[in-house]
C-alpha cells in the first residue's frame, strides 16, 4: 500500500517537473504582427445611378411626365398643348420648351412624341462631366465649394469626402465657412465619420487663412485632396462674392491648385436656382454643378435648364439624405427615369 502511494507521488512529481521545465524553457510567445490596417474600412462603391434606383428616388419628378407617357398619335394642337404644359411644369424652361414644340410641329418622323422629347432633352445634356482629382507636380488638388446657405453645401462636402475615401484618397476638409454658426462643427462631424482630416478656426476668422492652412497641411503630410467649404450668405451680396473671389485666389496659390469649383444648388427652388447660379459664376470660376434635393418637390427639368442656360455641367445630384445618395450624374439614366415606363 505504502509502495503504491509512493509510486503515485513519484509519478505526480515527475509530471509537475516536466511541465515546469517545458514552461520555463519555452521561447516567449510573440504575437504575430498584425496586417497593416487598410486605409478604409469600406470598399469602393460605384455611385453611378441605376435606372431602377433613380425612378424610385425621382418619384415627384416622374409624376410630372405621367401624361407625356400616355400621349399617342400625331403632334396635333391638343398634343402640343399638353407637351408645353408638361415641359414648363417640369422646369425645363421657356426657351427649350419652345424649341421642342417647334421641332415637334415640323417633325415628319415616325418616332413618338415621348421619344422626340427624350432626344431633345439628351441633346442638351451632352457636356463633359469628368471630375479632376489630380494637379500639377508638387501641388495639392483643391475642390472649392460655393453656394448660398441652406442648399446642402456642407453635407455635399461630407458625402464627397466619403466617396473619395472609398476611392483610396486621403482628404483634408477646410472649414472655410467661418461666418455660419456651427458650420465648422458640422464639417468636423463629417471628418470624423469619413476618416478625413480637418482644419478649422474660430467663428469669424478669415476664411482664406483656413483654406491656406488646410492646403499647407495637405502638402506637408502628402494628402491627396483638399475639400474646402466657403461662406454661403446671400448670393447678391457683393461682399460675399468678393470674399469668394479672394478665397479662390488663395486656394489657387502654390502649393494649392483649384482643379474643381462646385456650385451647390437646391433643385427645389426651380428657376430661382438659375438666378443664384449666375451670381456665382464670375466670382468663383465654377466648373461643375451639384444639384441637391432632387428627391423632394423638385422637378427634374431644372437639370436641363441649368446646363442650357449656364453652359456648365451638372456633375453630381443629390437624391436623398443617405451618404450614398449623392450620385454621379448620368444623363441617359436620368432622362429615362423621368420618361420611362
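Keeping to the range 131-150, report how many residues are modelled with pLDDT under 95 and closer than 14 Å to residue 288 by Cβ.
Here the count works out to 2.
Just one of 177, 185 is modelled with pLDDT of 90 or more, out of contact with any strand residue (DSSP E or B) (no Cβ under 8 Å at 6 or more places or on another chain), more than 18 Å from residue 259 (Cβ to Cβ) and assigned to a loop (DSSP other than H, G, I, E, B); which is it? Give the derivation first.
On the way: 185 fails: assigned to a loop (DSSP other than H, G, I, E, B).
Every option except 177 fails the conditions.
Is it the case that residue 199 is within 14 Å of residue 284 (Cβ to Cβ) and at pLDDT 95 or above? Steps first, please.
On the way: within 14 Å of residue 284 (Cβ to Cβ): no; at pLDDT 95 or above: yes.
Against the criterion (within 14 Å of residue 284 (Cβ to Cβ) and at pLDDT 95 or above), residue 199 does not qualify.
Evaluate the range 164-174: report whether one residue or more is closer than 21 Å to residue 281 by Cβ and surrounded by 20 or more Cβ atoms within 10 Å (Cβ to Cβ).
Step one: of the range 164-174, the residues closer than 21 Å to residue 281 by Cβ are none.
No, that holds for no residue.
Please tell me if residue 64 is at pLDDT 90 or above, under 21 Å from residue 332 (Cβ atoms), out of contact with any strand residue (DSSP E or B) (no Cβ under 7 Å at 6 or more places or on another chain) and surrounded by 16 or more Cβ atoms within 10 Å (Cβ to Cβ). Lay out the reasoning, then the answer.
On the way: at pLDDT 90 or above: no; under 21 Å from residue 332 (Cβ atoms): yes; out of contact with any strand residue (DSSP E or B) (no Cβ under 7 Å at 6 or more places or on another chain): yes; surrounded by 16 or more Cβ atoms within 10 Å (Cβ to Cβ): yes.
The answer is no for residue 64.
The values are calculated or read from the model by the stated rules, or taken from the named source; none is laboratory data. Since this is a predicted model, take the numbers as computed values, not measurements. Positions of Cβ are generated from backbone atoms using ideal geometry, with glycine treated the same way; all protein chains shown enter the neighbour counts.
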